[in-house]
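What follows is a single structure, written as structure tokens, with notes after it.
Read the figures in this text as sums done on the coordinates, not as results from a lab. The structure displayed is predicted, hence computed values, not measured ones. We place every Cβ from the backbone using ideal geometry, glycine too, and count neighbours over all the protein chains shown.
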Amino acid sequence: MAKKKSPAKSKVKKAGPKSKAKKGAKSKIKGYLTAYLGLGSNVGDREEYIEQAVFLLEKNPNIEVAKRSSNYETEPEGGVEQPPFINAAIEIRTKLSPQKLLDVCQEIETALGREREMEWGPRTIDIDILLYGDQVVSEDRLQIPHPLLHERAFVLKPLREIAPHALHPILEKEISSLYDDRKAEAGDKYDDELPGFREIKGGGYDDYERW
């Protein structure tokens, strides 16, 4: 069998200095909790959709974006032929409850043209709540921590960039440890030097729409 060629290098912008938290900066929100969100886009100007989502989150008076990761390009999975994704993660400070935060995220998805006509299909933007403090939420429309967080390298890597020591409240492992575990499990399906940090060599369902 012919050896699969690595994909061409992709020009994926890194997060600029404005995306990083300012040391010593005071939060504009009192009595906040820290949460982590995962962002993904594979339609149109993917990086612009990521930026617009971050901008709209920051415009909410009850949300402060404290940190954001670089952008990472990943190959789509889930059995639907579609363009590669841009994925990123952000740290926010908020007074909103997990349920209210979910409402805001879904409103932004709608504002940015998110359609849900095809399962596992292309999307302008996904905004998923990954962690919310040390809280555990189990409801029909919301589960925190995200139930597939520990299985998704394309989410763990950008999250590890901004919060390597954040603790998964159920598994009681740090994000950096979960990332290393996932990388080890992936074996030869995983190549940290490729754009998007891995090459897809078959199998698996890694897709935000399942989340």
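Residue pairs exceeding 25 angstrom between C-alpha atoms, taken from K67/K95; K67/K157; K30/K100; K100/K173; K30/K67; K67/K100: K100/K173. Extension gain for the segment N62 to V137, taken as residue separation times 0.36 nm less the Cα-Cα distance, is 25.0 nm to one decimal. Modelled spin labels at A111 and K95, positioned 7 Å past Cα toward Cβ, are 1.9 nm from each other. Counting 0.36 nm for each residue step from D181 to E48 and taking away their Cα separation leaves a gain of 44.7 nm. Going by neighbour counts of Cβ atoms within 10 Å, the residues F55, F154 line up, fewest first, as F55, F154.
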